[in-house]
Every structure is written in C-alpha cells, then in structure tokens.
Amino acid sequence: MAWVNENFAALEDSYLFSQVAHKVADFSAAHPEKKIIRLGIGDVTLPLVPVVVEAMQKAAAEMGVKETFRGYGPEQGYEFLHEALVKYYVGFGVTLESSEIFISDGAKSDCGNITDIFDDANVILVPDPVYPVYLDTNIMRGRKIVFMEGSPENGFLPMPDPAVKADIIYLCSPNNPTGAAYSKAQLKEWVAYARQNGAVILYDAAYEAFIEDEALPRSIFQIEGAKECAIELCSLSKTAGFTGTRCGYTVVPLALKRKTKNGKAMSLNKMWLRRQTTKFNGVPYIVQRAAEAVFTPEGQKQCRENLAYYKENARLIGAALQEKGITYYGGTNSPYIWMQCPRQMKSWEFFDFLLEKLGIVGTPGSGFGSSGEGWFRLTAFAGREATEEAAERFRKLL
Ligand code: PLP
C-alpha cells in the first residue's frame, strides 16, 4: 500500500483564477456585445526584446553544429550568466561570488524547492496578503505557519514583532499583490530580527526591476549583515518577459550558515548546490544565452522600455483611481495596483460589480489571504489601448 502525503489534504482548493475565468465566461456568454477589459492578468503581454531573440537564435544555431553543440550543462548555470549577474548586482552596490548564484527555471520552482533544505520543525512566517506559493509549499511539508498582517496601518508592509518567534521568514518586495515595497530602513529591521533569532529570510525580489525610486533597495543584500541571514529569489519573468521562456536565479550567500537539529554546522550554499545537482539538470543553454542578453547594456535598454510601457499603464490606472478618491497602493514601483473596494464592498462583491457595470476584470484581494478581503488587484500588463479605456470607464462610472 502506498500512502500519499497527507499534507496535501490540508491544502485549500485554489479556485481563485478558475472562479474568475468562470465568471468572465458566463458574463461574456450573457453579454456578447460587451467588450471586456482584463486587468486581472498576472502575465506579461509584450514580446521578448530583439536582443534576447537574437541571442536565442544564435544559441539555437550553435546547438545544430557539432563543434558548438552543448549537452548537459552545469546544474547551477553557465559561468557566462553568473558573470553577467555578478555585474548586474554591482549596479546595486552588491558584491557576489559567482558560486553564490544559482540559475533556475524560475522563481516559483525555487520558492518551492528551497523548502527541501530546511527542517520541517521550523516555524514559517508569511505575509498576508501575498503570493500564495509560500503558503502552499509549506503546507505541503506540514509546517507550522504564522501570518503577519498587511494593512493600511503598516502600508501593507508588515514589520517584525518581537513577540513572534519565527525561523523562516518570507518577504516579497515589491509585493504581489499589493505593490508595496520595503525601504532600506525597514529591511534593516528585518535583518536585525533574523540575526537575533537565527532565522533565515527568503526574499522574493521577482519585481525588483519595477523599482524606480532610487532610495528603495533592489536587493536585500544592500543591507549590511543580510548575507548571514537571507536568500534572494529572482526571476526574469516580469523583468524581461520570460514567463514562457523560464529563467530565474537564486542567491545563497557563502556566509549563510545554520545548524541541524543535532548541532552540525551546515553551509546553506553547499546544501542548495547539493539539492540542485541531485534533483535538477539545469536551464537550457539557449535560455541562458537569452538571459545573458538581458543583462547587456542594449538588453537592459530594451527591457527598460517594456517596463516603462507597463509602468505608464499603472500610472494611467492610478491617476483615474486618484481622481475618484479611491485609496490604492502600488502602481509606481510595481506592475500591481492594490485598490480598496469602494463602498465597503467585499472583494468578490466588487469583482461582480466591476465586471457587470464596467466590463473590467480584476483579481479579488481575498484570494491572496484573508487580510486581502475588501481589496482588489489590478495589473498594468494589459495593452495601452485597453488600459486607457479601463481608466476612462473608472472615471465615468465609479
Ligand atoms: N514570485 C512572485 C512574487 C510572483 O508574483 C511570481 C509570479 O507571478 C513568481 C515569484 C514566479 O515567477 P516565475 O515565473 O519566475 O516562476
């Protein structure tokens, strides 16, 4: 008899996006004449930039020639991409060794896989609302999870509570779904808390490239002492439109050490290397060459143009909400706009209202955690024309 992992039975059904799709399909069927604008989308819509496509084509051609063909590569990624990332981090004032960087097929995989190197007795601290993967991957391990509430009072940026003892802390900045981003002073407090408690921060910086305020940190390693208490998870998905191409990177500092329950000192970098070399065979050469192109000066210029396009979309939505006196967070250092549902509506109630009255689709905030109730996520990833029309509809009808 094979027993299955009973922790899976404790997972709540993830019906958020299927429910959204269902409601939209019903509405479309009932009102085929109405044009629906989709601002619920969490995926990029602009194509890959030209330098990335060229790099992929060149690498694909190399794969067809005996002398330049590549088989299995290093599980932790090719040196050329490590070097490109080391230089990218220098741009934030962070010095990394290339052996501290691990290339992966995206931040979602790493978020889930990183749970392998921690004991299941750890207490996990998760923001609420947040990207649901942190919660579900730890439920799958049967771990104790404690939530820290995001609210207007803390600007949706929960801070350490000395009364709460946690071992693993997830931070997401800029946050999905709220768009809120931690300041250096706030991250300093988190680093101090983690060091005091021997905790480890898992810092999800998937949206770091959206940060335009130069005072805000792009990496947790800009904070002194973070290399002894943090792992950073990054992605090219939103930075460079790699949601379908798949590439991310995780930084596990050499200075990060913790003990086993029996007191044996372990390097988390060595553990992660061992985990990856055992369970992962690396990202395709073609994709890594594409990723390398993102970090060239021309690649950065082209990707920044796409980011500027999304940010202008965010600005347009934000401006319309502001005119209507609606409270919202995000929209400047993030592709997400986190708005308060008007007239004290609940998240799903507002979803129905928005769809029926304005033909606009968004994502109910309650789907990102109970503290998201009464809030709503709009995204900047739709096309310009659709975004402009959505802004107009908000102006006219809300
Ligand atoms: N982290 C956050 C906060 C996200 O919102 C997402 C994707 O939406 C990811 C990670 C996953 O990114 P990837 O496409 O690299 O797996």
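The values are calculated or read from the model by the stated rules, or taken from the named source; none is laboratory data. All figures in this text were calculated on a predicted structure; none of them were measured in a lab. Positions of Cβ are backbone-derived with ideal geometry, glycine not excepted, and every protein chain shown enters the neighbour counts. Protein only, heavy atoms only, side chains kept; ligands, DNA and RNA dropped before computing areas. Shrake-Rupley method; radii C 1.70, N 1.55, O 1.52, S 1.80 Å.
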Every listed condition ((1) in a helix (DSSP H, G or I); (2) in contact with a helix residue (DSSP H, G or I) (Cβ under 7 Å, 6 or more places away or on another chain)) holds for Phe353 save (2)
Exactly one of these conditions fails for Tyr170: (1) touching a residue at least 60 places away in the same chain (Cβ under 8 Å); (2) of a type in the set (Phe, Trp, Tyr); (3) crowded, with 19+ Cβ neighbours inside 10 Å. Give me its number.
(1)
Determine which single condition Glu153 fails, assuming it passes every other condition in (1) modelled with pLDDT of 95 or more; (2) within 18 Å of the chain's Cα centre (by Cα).
(2)
For region 43-76, give me each residue that is part of a loop (DSSP other than H, G, I, E, B), open to solvent by 30 Å² or more (accessible area, probe 1.4 Å) and in contact (Cβ under 8 Å) with a residue 12 or more places away in the chain.
Asp43, Thr45, Leu46, Pro47, Leu48, Arg70, Tyr72, Pro74, Glu75, Gln76
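Residue-by-condition table, conditions (1) under 24 Å from Ala60 (Cα atoms); (2) in contact (Cβ under 8 Å) with a residue 40 or more places away in the chain; (3) crowded, with 16+ Cβ neighbours inside 10 Å:
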| site | (1), (2), (3) |
| --- | --- |
| Thr250 | no, yes, yes |
| Ala265 | no, no, no |
| Lys270 | no, no, no |
| Phe280 | yes, yes, yes |
Of everything in region 87-117, what is within 16 Å of the ligand (Cβ to nearest atom) and part of a loop (DSSP other than H, G, I, E, B)? Give them in sequence order.
Asp105, Gly106
Provide a single number: the residues in region 136-148 that are free of Cβ contacts under 8 Å to residues at least 40 places away in the same chain and within 14 Å of the ligand (Cβ to nearest atom).
1
Qualifying positions in region 120-150 - in contact with a Pro (Cβ under 8 Å, 6 or more places away or on another chain) and either surrounded by fewer than 16 Cβ atoms within 10 Å (Cβ to Cβ) or under 17 Å from Gly198 (Cβ atoms) (or both):
Glu149
Conditions (1) within 25 Å of Ser109 (Cα to Cα); (2) touching a Phe, Trp or Tyr at 6+ places or on another chain (Cβ under 8 Å); (3) open to solvent by 20 Å² or more (accessible area, probe 1.4 Å): number failed by Pro160
(1)
Can you find, within region 311-346, the residue that is farthest from Lys23 (Cα to Cα) among those that are among the hydroxyl-bearing types (Ser, Thr, Tyr) and either crowded, with 22+ Cβ neighbours inside 10 Å or in contact (Cβ under 8 Å) with a residue 40 or more places away in the chain (or both)?
Thr332
Tell me, which residue of region 178-237 that is under 25 Å from Gly40 (Cβ atoms) and without any contact (Cβ under 8 Å) to a residue 40 or more places away in the chain is nearest to the ligand (Cβ to nearest atom)?
Ala205
Within 16 Å of the ligand (Cβ to nearest atom) and surrounded by 22 or more Cβ atoms within 10 Å (Cβ to Cβ): does that describe Thr243?
no
Asp120 vs. criteria over 30 Å from Ile286 (Cα atoms) and either part of a strand (DSSP E or B) or more than 9 Å from the ligand (Cβ to nearest atom) (or both)
yes
Could you list, in sequence order, the residues of region 361-380 that are farther than 16 Å from Gln340 by Cβ and surrounded by 24 or more Cβ atoms within 10 Å (Cβ to Cβ)?
Thr379, Ala380
If I go through region 154-202 residue by residue, how many of them are part of a loop (DSSP other than H, G, I, E, B) and within 18 Å of Ser334 (Cα to Cα)?
15
So how many residues does region 240-257 have that are over 20 Å from Thr296 (Cα atoms) and of a type in the set (D, E, K, R)?
1
Index of the failed condition, Asn281 passing every other in (1) part of a helix (DSSP H, G or I); (2) more than 26 Å from Ala192 (Cβ to Cβ); (3) away from the ligand (no atom under 16 Å from the Cβ):
(1)
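This table checks each residue for (1) among the β-branched types (Val, Ile, Thr); (2) closer than 28 Å to Lys188 by Cβ; (3) assigned to a helix (DSSP H, G or I).
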site: Glu214; (1), (2), (3): no, yes, no
site: Glu224; (1), (2), (3): no, yes, no
site: Cys234; (1), (2), (3): no, yes, no
site: Thr239; (1), (2), (3): yes, yes, yes
site: Phe242; (1), (2), (3): no, no, no
site: Arg246; (1), (2), (3): no, no, no
site: Pro253; (1), (2), (3): no, yes, no
site: Met271; (1), (2), (3): no, yes, yes
